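Engineer: Below is the structure I would like to discuss, written out as structure tokens.
The values are calculated or read from the model by the stated rules, or taken from the named source; none is laboratory data. Computed from a predicted structure; not experimentally measured. FYI the Cβ positions are ideal-geometry reconstructions off the backbone, even for glycines, and counts take in every protein chain you see.
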Amino acid sequence: MNRHVIILRETMVSIVINMAITAGFFFALFGLSGPIDGAAYGKDFLPQSFMVALMGALIPGLLVRRGSAARIPPVVVRAVLLALGALLIGFVCWWLFARVGSLQPVPALVIKLVYAAILSMIVTPISVGATLAAMGTVTAGARS
């Protein structure tokens, strides 16, 4: 399968899964019943940033290398480094939203979903592309 097709496919799956998980956590933490405190909302960007980036890099990277001789540790290290980098973005989001008094739930949810999608669009292609390059071939064992 073509390298670009594999990267695109894994990125699209990552976006959908990370958006679904983000929505679930949003409803569990904030709900849609009333205004959301800006500081609490902003603080939630920290775990969201780390976990979306970690899972958006780790799982697709491991799936792509499945059945190959490519080593696992580089995939894990790469995912952790990307997650730590995303955590820096999360700190900026926390700082920005901590200055907002409150947010209405629907726009707040949309912001979280778009953020999850953008993070996935950044980290997944990096992880999958690097894993494919390390494998030296495009016969990846990802989703069939």
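Engineer: Can you tell me which residues in segment 29-73 are of a type in the set (Ser, Thr, Tyr), farther than 14 Å from residue 121 by Cα and in contact with a Leu (Cβ under 8 Å, 6 or more places away or on another chain)?
Structural biologist: Hit for segment 29-73 is 41, nothing else.
Engineer: Continuing with this model, one more query. Tally up the residues in segment 12-38 that are touching a Phe, Trp or Tyr at 6+ places or on another chain (Cβ under 7 Å) and under 19 Å from residue 89 (Cα atoms), please.
Structural biologist: Selection size over segment 12-38: 1.
Engineer: Condition check: part of a helix (DSSP H, G or I) and under 15 Å from residue 126 (Cα atoms). Does residue 16 satisfy that?
Structural biologist: no
Engineer: For segment 87-138, name all the residues that are within 16 Å of the chain's Cα centre (by Cα), of a type in the set (D, E, K, R) and loosely packed, with under 13 Cβ neighbours inside 10 Å.
Structural biologist: Correct list: empty.
Engineer: Return yes or no: is residue 28 more than 13 Å from the chain's Cα centre (by Cα), under 19 Å from residue 113 (Cβ atoms), part of a helix (DSSP H, G or I) and at pLDDT 95 or above?
Structural biologist: yes
Engineer: Contact list please: Cβ distance under 9 Å, first residue in segment 87-107 and without any contact (Cβ under 8 Å) to a residue 40 or more places away in the chain, second residue surrounded by 14 or more Cβ atoms within 10 Å (Cβ to Cβ), pairs at least six apart or on different chains.
Structural biologist: As it stands, the answer is 88/49; 92/45, since those pairs meet every condition given.
Engineer: If a residue has to be part of a helix (DSSP H, G or I) and either touching a Lys or Arg at 6+ places or on another chain (Cβ under 7 Å) or modelled with pLDDT under 95 (or both) to count, how many in segment 86-128 make the cut?
Structural biologist: Within segment 86-128, residues that are part of a helix (DSSP H, G or I) and either touching a Lys or Arg at 6+ places or on another chain (Cβ under 7 Å) or modelled with pLDDT under 95 (or both) number 2.
Engineer: Looking only at segment 40-68, count every residue that is part of a helix (DSSP H, G or I), in contact (Cβ under 8 Å) with a residue 60 or more places away in the chain and of a type in the set (Gly, Ala, Ser) and tell me the total.
Structural biologist: Qualifying residue count for the region: 5.
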